[in-house]
Amino acid sequence: MGSLLEITAYGDVDRCRPALEAAYAEVRRLEAIFSPFRAESELSRINREAPCGPVKADPELIDVLTKSLAFARQTGGAVDVTVGPLMRLWRHRSSEMNAIPPSSEQVERTLRLVGYQHVVVDSDRSTVAYQHAGMSIEFGAIGKGYAVDRAVKVLEHHGVRAALVSFGSSLYALGSPTDRDGWRIAIRHPEDRGRVMDTIMLRDVALSTSGNDQQSMRLADRWYGHIMDPRTGYPSEGLACVSVLARTAVEADALSTAVFVLGRDDGVRFLERHSGLDGLVVSGGRTQGFSIVSTAEWKRRRAGIRSVSDMSRRRFVEGVLAGVAWLLLAPSRGHALVYLTPEEALRRLIPEAETFREAPIRLSNSQKSRVEGLLGTAVREETYPSWIAERAGLAIAHAVLLNVVGKEQPITFLVAVGADGTVRGVEVLVYRESEGSEIRSGRFIRQFVGKTLAAPLKLGRDIEAISGATLSSRSTAYAVKKSLALVDVVYRMPDGDTR
């Protein structure tokens, strides 16, 4: 489903291990039903056949579709399972060279294929039909939530009473860890990955966060979010992020998207009108400032706001390694493969250094613009963990820590750049993909040594990708190029130089 599933369970090992295995097996089963990216999935079959008339469907798909249509009616179409044609329209445009937004005529034409009222479900006969050719459904706003709920049910069936099931932006907090009142969940700041915006304590409740931070499209020199407003045909704008608490993950998942589309005022009113729902709505941005509104129950659950500067050194490292995930779990656990600490990586990359001085990079507006010019893409972060390697009192190299999303999840890199602007080496600190870690192979990593900004890093031309790990290979190349640009602009490029 395009996200990493992480489950933390408390209890006897002999009970928890088979429970975890069964929970993951259950989600794999759901993937085979609901994935729109698998031609053989039940959903793909329905999308092919339902425009021609009623088609028999898996009872579980009927159940989830019925829930989706109910959410669409409840929200006035703010979240709509038939948004598939619109998503394809905008995705296709964003993949083109010199991409521009679709025309108003294209949007209007595609909107005719969107509308929950055009889906006919017969629960008794277990059939689905679409009223227009070209229609399709996607469970992007509900699928992960449903999978979380099913995983929780499996864990409970196996006797697990305390677990945290986190699937991308949706999670469920079952019970609480030993000697704690609940699960402490931190919500990351929407525009500053080094800060925690809010922290709440959860027990037997679901949480979902929606925002455009991690998936966006650049069209005609403008950034568009990936959350579509099914009522207008255009990406939803106005909010930075929305977090919703609900009794079930499927409800939280669908309604966080709906509130994001509804906007601040209508979204908050929606939450306040419906029993069992609470949330946090953040509007605005860095330039005009943020406006944060939360419901009474959210405030009651608040467990304190912390920034990176307030954390201990260990927590700081954990926070950095948590990457760009929407939900930072404290402490960070799951299927992340932690290979090296920053200190260990520094010693490997620059063994001749006598000292490593922490020197976080904080970009000024002009520096940020120059980095963007070198990269040819927008840069959202302004602060980066960085170290200066020194010998005999002189700087001999710089090292930058970056989190770059690979196939599914952020990969944490440490890149060492010499004083002459060449790559000294690359280390993978944390690998969070669901499988594989080929990019740590020496043959692949050694390709980057000696590279400079004068020889742009491009797969297939300057760097050969690892077979089967193309996206992770691309992420590594981008991390190296970005590190070179940061060091060049901050330490090597004189002010006013725009090369």
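The values are calculated or read from the model by the stated rules, or taken from the named source; none is laboratory data. The structure presented is a predicted model; accordingly, all values stated were derived computationally and were not measured. We place every Cβ from the backbone using ideal geometry, glycine too, and count neighbours over all the protein chains shown.
Given the structure, is ASP204 closer than 28 Å to ILE292 by Cα and either surrounded by fewer than 20 Cβ atoms within 10 Å (Cβ to Cβ) or hydroxyl-bearing (Ser, Thr, Tyr) (or both)? Against the criterion (closer than 28 Å to ILE292 by Cα and either surrounded by fewer than 20 Cβ atoms within 10 Å (Cβ to Cβ) or hydroxyl-bearing (Ser, Thr, Tyr) (or both)), ASP204 qualifies. Would you mention how many residues in the stretch 23-41 are surrounded by 16 or more Cβ atoms within 10 Å (Cβ to Cβ) and either among the polar types (S, T, N, Q) or farther than 18 Å from GLY145 by Cβ (or both)? Count: 2. Restricting attention to the stretch 236-249 and to residues that are modelled with pLDDT of 90 or more and either surrounded by fewer than 22 Cβ atoms within 10 Å (Cβ to Cβ) or among the charged types (D, E, K, R) (or both), the residue that is farthest from LEU111 (Cα to Cα) turns out to be ARG247.
Each residue in the stretch 450-464 was checked for being surrounded by 15 or more Cβ atoms within 10 Å (Cβ to Cβ), at pLDDT 80 or above and either in contact with a Lys or Arg (Cβ under 7 Å, 6 or more places away or on another chain) or not hydroxyl-bearing (Ser, Thr, Tyr) (or both), and 3 of them qualify. Just one of the listed residues (LEU20, LEU69, LEU4) is touching a Lys or Arg at 6+ places or on another chain (Cβ under 7 Å), surrounded by fewer than 20 Cβ atoms within 10 Å (Cβ to Cβ) and either at positive phi or of a type outside the set (S, T, N, Q) (or both), and it is LEU4. Confirm whether THR66 is among the β-branched types (Val, Ile, Thr) and assigned to a helix (DSSP H, G or I). So THR66 passes the test. Given GLY279, GLY267, which one is crowded, with 19+ Cβ neighbours inside 10 Å and either part of a strand (DSSP E or B) or at pLDDT below 90 (or both)? Answer to the check: GLY279. When ALA399 is tested against (1) modelled with pLDDT under 85; (2) buried (at least 23 other Cβ atoms within 10 Å of the Cβ), exactly one condition is not met: (1). Out of ALA72, ALA39, ALA78, one residue alone is under 25 Å from VAL120 (Cα atoms), hydrophobic (A, V, I, L, M, F, W, C) and out of contact with any helix residue (DSSP H, G or I) (no Cβ under 8 Å at 6 or more places or on another chain). It is ALA39. Among the residues making up the stretch 429-449, those that are modelled with pLDDT of 85 or more and not charged (D, E, K, R) are LEU429, PHE444, ILE445, GLN447, PHE448, VAL449.
Residue-by-condition table, conditions (1) of a type outside the set (Gly, Ala, Ser); (2) in a strand (DSSP E or B); (3) in contact (Cβ under 8 Å) with a residue 12 or more places away in the chain; (4) not assigned by TED's automatic domain parsing to the domain that holds LEU402:
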{"site": "VAL148", "(1), (2), (3), (4)": "yes, no, yes, yes"}
{"site": "VAL152", "(1), (2), (3), (4)": "yes, no, yes, yes"}
{"site": "GLY159", "(1), (2), (3), (4)": "no, no, yes, yes"}
{"site": "VAL165", "(1), (2), (3), (4)": "yes, yes, yes, yes"}
{"site": "TYR172", "(1), (2), (3), (4)": "yes, yes, yes, yes"}
{"site": "PRO177", "(1), (2), (3), (4)": "yes, no, yes, yes"}
{"site": "ARG180", "(1), (2), (3), (4)": "yes, no, no, yes"}
{"site": "ILE187", "(1), (2), (3), (4)": "yes, yes, yes, yes"}
{"site": "PRO190", "(1), (2), (3), (4)": "yes, no, yes, yes"}
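No other residue among ASP14, ASP58 is under 30 Å from TRP183 (Cα atoms), acidic (Asp, Glu) and not assigned by TED's automatic domain parsing to the domain that holds GLY406 apart from ASP14.
The number of residues in the stretch 51-66 being crowded, with 16+ Cβ neighbours inside 10 Å and in contact with a strand residue (DSSP E or B) (Cβ under 7 Å, 6 or more places away or on another chain) comes to 6.
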